[in-house]
Amino acid sequence: SACCRKLPPSVLAPTWAERSDHHGRKALTQLGLWGFIVSMTLCGLVLGFGLASIGFGFTRPGFTAGASLAVPLAEQGAVAGLITSANGIAYVAAPAVGMALYTLDPHLPFAVAVLVVLALAWWSRSLR
């Protein structure tokens, strides 16, 4: 996953960047996610997860750049650092919290995830 996520910005982006905006990034991510969801074999899971990670690898730098460009020049470095550190802490905190909840009850991580998604949906509607 990490190799597939780091491959696009460093190797593929210089050659595929403009074309991926029109017909690659979103389709590649969706193909990988659907392959991961419907796969019944280990090979299919690995391939689907790899394709999805490559698609996410194309998306993440743009997300960070978009957030940093939305603020004045003097604050761009701080915002880019904040976005990147929030993504990084999610890689550590999410598995730790998920496992802690799972030890209490195997259904608890999924219930908490549903509650978080519902809270974010409600919050995003209040921003409009």
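At a glance:
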{"item": "Residue, farthest from the chain's Cα centre (by Cα), within the stretch 91-109, restricted to residues that are open to solvent by 100 Å² or more (accessible area, probe 1.4 Å) and under 25 Å from Arg60 (Cα atoms)", "result": "Val92"}
{"item": "The stretch 45-76, subset among the small types (Gly, Ala, Ser) and open to solvent by 60 Å² or more (accessible area, probe 1.4 Å), residue modelled with the lowest pLDDT", "result": "Ala70"}
{"item": "Qualifying residue in the stretch 7-29 (condition: part of a loop (DSSP other than H, G, I, E, B) and at pLDDT below 80)", "result": "yes"}
{"item": "Within the stretch 31-44, tally of residues that are open to solvent by less than 40 Å² (accessible area, probe 1.4 Å) and assigned to a helix (DSSP H, G or I)", "result": "3"}
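The values are calculated or read from the model by the stated rules, or taken from the named source; none is laboratory data. In this text the structure is predicted, and so the values were computed from the model without any measurement. Surface areas here come from the heavy atoms of the whole protein model, side chains and all, with no ligands, DNA or RNA. Shrake-Rupley method; radii C 1.70, N 1.55, O 1.52, S 1.80 Å.
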